[in-house]
């Protein structure tokens with residue numbers, strides 16, 4: 001295992017060094033003159049940045065990627081339909097007070113993510129087709145289980161196991177009629193298309209993305225599936241999907257076969273209402289969905305742990321199906337300028353699932369985000385998020401687990417186009433729903449580098 005990890009790290013290092021080489025050399029040897037080509041840099045679009053040659057260190061710092069344009073190779077590949085991205089994400093988190101443990105409670109978790117998006121039309125094929133591949137190498141350890149003692153993961157990057165090499169996604173998407181109809185098939189993250197929130201992506205807390213009371217394939221257990229998307233009107237999107245209910249995360253394919261019968265299937269339906277036509281300048285999306293799984297569910301325990309001398313508790317049942325409902329809202333509340341992106345937005349989450357078949361029967365979450373709150377920092381984001389997981393009544397009686405509430409404050413500092421810093425603080429009330437557990441205070445820093 002150690003040799004395998006070392007080889008992987010050397011492979012990644014080799015890629016990075018080969019990409020950095022010539023562009024960084026040009027930056028070091030540049031004449032340090034300032035010209036109009038690199039005086040204004042917009043991080044929302046990187047096409048112009050990648051096409052400009054790197055002549056000095058300032059050009060490199062203000063470029064779109066840490067590795068520059070690969071001496072023109074990145075633009076050459078993109079023009080021919082291949083968009084490649086290499087991102088390294090690292091996070092140093094510490095349980096500073098309370099929780100399960102504060103001794104040695106600082107952990108590092110890192111992720112190498114390599115993606116390839118292939119445009120079929122640019123590669124000489126038909127219009128509207130896209131192939132996507134996503135590989136991840138995860139290493140380190142999270143703070144949730146051993147230190148914070150929380151039920152909801154402190155960061156969405158945490159996975160079990162915390163160290164693996166895996167082809168996370170590979171899928172094909174085909175659109176028709178100017179993207180009014182589309183389908184997607186392959187191994188994918190169901191949460192990328194269902195029960196998503198745009199503003200939740202600014203936060204580290206796992207429930208800001210994939211929240212409790214949902215049971216369909218999502219990171220880190222992505223699965224094989226098929227999804228259909230339709231847009232009958234500008235204000236309405238309808239989508240449905242079917243996935244393997246029990247994907248094999250350790251398998252490169254994500255499961256034994258497409259829509260196999262072994263673990264059952266989960267079907268999803270979602271309707272999205274877009275409010276831009278009714279509230280000009282303040283976009284909003286309201287999603288309402290339901291899921292039904294034939295993969296079954298274990299009955300939630302309803303008797304306390306037996307003590308010595310007590311009769312054994314009744315055997316728990318295995319249900320043949322499971323289901324749930326959810327809703328998510330994203331709404332911009334205020335814009336600083338009519339054509340800008342700076343302003344205040346809000347989002348909300350809700351989910352319900354049957355009490356006897358799911359640990360968390362009800363979930364509520366929501367938050368506020370402000371883009372460009374401080375002068376000169378138009379792309380930075382300040383966010384506050386809270387989420388509440390209400391445990392099943394049976395767990396309240398059997399284990400005295402009632403609810404867990406998390407409050408997160410995060411600042412997304414976009415240093416430049418390729419470097420993002422995210423200082424973060426989270427307060428966990430009643431970790432794991434246990435009333436006697438000490439409230440946890442977790443603080444840390446995440447950074448992301450785009451090569």
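Tabulated data
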| read-out | value |
| --- | --- |
| Selected residue [modelled with pLDDT under 95 and touching a helix residue (DSSP H, G or I) at 6+ places or on another chain (Cβ under 7 Å)] from 50, 29 | 50 |
| Scan of the stretch 115-139 for residues that are surrounded by 17 or more Cβ atoms within 10 Å (Cβ to Cβ) and within 22 Å of the chain's Cα centre (by Cα), ordered by number | 118, 130, 131, 132, 133, 134, 136, 137, 138, 139 |
| Set 194, 172: member being touching a strand residue (DSSP E or B) at 6+ places or on another chain (Cβ under 9 Å), crowded, with 20+ Cβ neighbours inside 10 Å and at pLDDT 95 or above | 194 |
| Single residue of the stretch 213-234 satisfying the filter (out of contact with any helix residue (DSSP H, G or I) (no Cβ under 9 Å at 6 or more places or on another chain) and within 24 Å of residue 355 (Cβ to Cβ)) that is surrounded by the most Cβ atoms within 10 Å (Cβ to Cβ) | 213 |
| Some residue of the stretch 334-341 being more than 23 Å from the chain's Cα centre (by Cα), surrounded by fewer than 16 Cβ atoms within 10 Å (Cβ to Cβ) and modelled with pLDDT of 90 or more | yes |
| When residues of the stretch 70-101 are limited to those that are in contact with a strand residue (DSSP E or B) (Cβ under 6 Å, 6 or more places away or on another chain) and assigned to a loop (DSSP other than H, G, I, E, B), the one surrounded by the fewest Cβ atoms within 10 Å (Cβ to Cβ) | 81 |
| Residue in the stretch 387-398 that is at pLDDT 95 or above and over 20 Å from residue 361 (Cα atoms) present | no |
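Rundown of residues vs (1) loosely packed, with under 15 Cβ neighbours inside 10 Å; (2) modelled with pLDDT under 95; (3) closer than 28 Å to residue 136 by Cβ, yes/no style:
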{"site": "254", "(1), (2), (3)": "no, yes, yes"}
{"site": "262", "(1), (2), (3)": "yes, yes, yes"}
{"site": "267", "(1), (2), (3)": "no, no, yes"}
{"site": "273", "(1), (2), (3)": "no, no, no"}
{"site": "278", "(1), (2), (3)": "yes, yes, no"}
{"site": "282", "(1), (2), (3)": "no, yes, no"}
{"site": "291", "(1), (2), (3)": "no, no, yes"}
{"site": "298", "(1), (2), (3)": "yes, yes, no"}
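Okay, residues lined up against (1) at negative phi; (2) crowded, with 16+ Cβ neighbours inside 10 Å; (3) in a helix (DSSP H, G or I); (4) more than 24 Å from the chain's Cα centre (by Cα):
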{"position": "386", "(1), (2), (3), (4)": "yes, yes, no, no"}
{"position": "397", "(1), (2), (3), (4)": "yes, no, yes, yes"}
{"position": "404", "(1), (2), (3), (4)": "yes, yes, no, no"}
{"position": "412", "(1), (2), (3), (4)": "yes, yes, no, no"}
{"position": "420", "(1), (2), (3), (4)": "yes, yes, no, no"}
{"position": "423", "(1), (2), (3), (4)": "yes, no, no, no"}
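The values are calculated or read from the model by the stated rules, or taken from the named source; none is laboratory data. Just so you know, these numbers come straight off a predicted model, no measurement behind them. Every residue, glycine as well, gets a Cβ built from its backbone with ideal geometry; the counts of neighbours run over all protein chains shown.
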